[in-house]
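Accompanying notes for the structure given below.
The values are calculated or read from the model by the stated rules, or taken from the named source; none is laboratory data. Model, not experiment: these values are computed from the prediction. Backbone-built Cβ (ideal geometry, glycine too); neighbour counts: all protein chains shown. Surface areas here come from the heavy atoms of the whole protein model, side chains and all, with no ligands, DNA or RNA. Shrake-Rupley method; radii C 1.70, N 1.55, O 1.52, S 1.80 Å.
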Amino acid sequence: MFCFRRAILTLFFMFLLYEVDLLENGLARTPPMGWMSWGYYMCGIKCEGNESKCLNEDLVLSVADTFYDEGYQEAGYEYIIVDDCWSEKARDRNGKLVADRKRFPRGMKFLADYIHSKGLKFGMYTNIAEVTCMRYPGSKNYLSLDAQTFAEWGVDYLKVDGCYVTEEFLNVGYIRLGKYLNETKRPMVYSCSWPYYIEFIHRKKPDYALIAKYCNMWRNYHDVQTSWEAMIGIVEHYRSSYGEMAPYHHPGQWNDPDMLIFGTGVLTRSQSRIQLAVYVMLSAPILISCDMNKITAYEKQLLLNLDLIAVGQDPLGIMAKPYKFHGLVLWVKPHLPKKGDSYPTFSFALVNLDIEDVRLDLKPGLYGLNSTDGYSMMDVFSGHHIKNITLHDTISLIVPGHDVLMYTMYPL
Ligand SMILES: *[C@@H]1O[C@H](CO)[C@@H](O)[C@H](O)[C@H]1NC(C)=O
Ligand SMILES: *[C@@H]1O[C@H](CO)[C@@H](O)[C@H](O)[C@H]1NC(C)=O
Ligand SMILES: *[C@@H]1O[C@H](CO)[C@@H](O)[C@H](O)[C@H]1NC(C)=O
Ligand SMILES: *[C@@H]1O[C@H](CO)[C@@H](O)[C@H](O)[C@H]1NC(C)=O
């Protein structure tokens, strides 16, 4: 009897611990969507005679205008994030960070106010070391002051890089900064690069349970480069690391495969379909990085495809499970809407990273579908309902080289 009670008590406290074991700031209930400067503009400080690659106030305001005027905001694109190289090289006499006086003449609070006036959100960047990756002032000895400064400026999202520190400091610095961010009382999405540095710089296994306790999202893998090969590397990494990452991926806590490379001219139509399909199947953050004027009409149509975005922004936030399948990868993801309590909708993405076409017979019933009334099958890219299927149907498909087929199966 005594032991039984103790067991119940232990279970009860384990439950309590589990309940408080995640960062709960109420943010990022679905994966953040928006724009971030780094992928395309990088440092963006060589502005003279190079306006089109300049990271400055005009650029950030123009992204806000494009989001507001061209339907991006309605589709869910919300955060506008300024990455590294935004500051002066020196702090002010009180130790506060100062925005670059030439490129951001009205300061960061001005940007935040403008972005907020459009109903959008503002993100910024720092690094956990004494300097940032590009050697601007970093937050290491100013964690509390910088948290306060970002809060004063109206920042809604903070990307925190992990260059130039030891593994030991990564494991304490992110926790400390998270505590100071919380103490400002301003809700800020906390994006950590912590596991990337643990795994790829310090060559250890990231402790995702610990990371999920302190961060809303985290980078697992290398910075995206502007190429198809880099994109394949990312897709393959998330496939092979599914087992490690999926348990810690859910509303409020996201694995982050880094920015899209839309609008950079390197992807064919079908390659851009692959990148966005995989990201929405992963329930990954969707961060565009480019000159918004260079997004092609086709890319824009994909970015604003509400059937596709709905899969990525599904409130259950499940990371699709990958299956290797005749030279391609099938990703399967259950999501809302549910029929009753028991029958979720499922999306299937068949991704062919090879150049050859692949023919296959897909039996959707093998991957968790369980409504005996069958499913209505929709092609996500066209929005067409193709046919109704049963749990026993086999669908013959051809996935062209470097392409993806994506279907959503709604329970009937
Ligand atoms: C223009 O800016 C980009 C991004 O910062 C930089 O890589 C490039 O070298 C610059 N070009 C010139 C001509 O300064
Ligand atoms: C601070 O942490 C508490 C406890 O987890 C949480 O309830 C609160 O929303 C957090 N506040 C901010 C601003 O992050
Ligand atoms: C159907 O599958 C879903 C998700 O895999 C599961 O949650 C649900 O319990 C299943 N329903 C029945 C009736 O087995
Ligand atoms: C699929 O089933 C639904 C519900 O039974 C029906 O309304 C619809 O017409 C069917 N669609 C096709 C293409 O057979």
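Mean separation of Cα pairs under 8 Å and 6 or more residues apart, divided by the residue count, gives the stretch 321-411 a relative contact order of 34 percent. Listed by chain and number, the lysines whose alpha-carbon sits under 20 Å from that of Lys140, ignoring those within fewer than 8 places in the same chain, are Lys89, Lys96, Lys159, Lys179.
The accessible surface of the chain, taken with every protein chain in place and a 1.4 Å probe, is 54 percent carbon and sulfur.
For the stretch 279-371, what is the convex hull (Cα atoms) projected area averaged across all directions, in square nanometres?
Projected area, direction-averaged: 7.5 nm².
Expressed to the nearest 5 percent, the antiparallel share of DSSP beta bridges inside the chain is 60 percent.
Extension gain, Asn388 to Glu183, is 68.5 nm, computed as 0.36 nm per intervening residue step minus the present C-alpha separation. The relative contact order of the chain comes to 13 percent, based on Cα pairs under 8 Å that sit 6 or more residues apart.
I need the fraction of alpha carbon pairs in the stretch 111-152 separated by more than 14 Å, rounded to a whole percent.
When every Cα pair of the stretch 111-152 is considered, 54 percent fall beyond 14 Å.
Treating each Cα of the chain as an identical point scatterer and summing with the Debye formula, the log10 of I(q)/I(0) at q = 0.09 Å⁻¹ comes to -0.57. Distance from the Cα centroid of the stretch 345-399 to that of the stretch 279-312 is 22 Å (rounded to whole angstrom). Quick one: P(r) of the stretch 321-411 from all Cα-Cα pairs, 10 Å bins, percents rounded to integers, in order of increasing distance. In whole percents, the pair-distance histogram is 17, 52, 27, 4, 0. Label zone of Ile398 (point 7 Å out along Cα→Cβ, amide N under 15 Å): in the stretch 363-384 this covers no residue at all. Exposed loop sites were defined as trypsin sites (Lys or Arg not before Pro) in DSSP loop states (anything but H, G, I, E or B) carrying at most 16 other C-beta atoms within 10 Å; in the chain the longest segment without such a site runs 205-412. Rolling a 1.4 Å probe over the heavy atoms of the protein chains gives the chain an accessible area of 44 Å² per residue.
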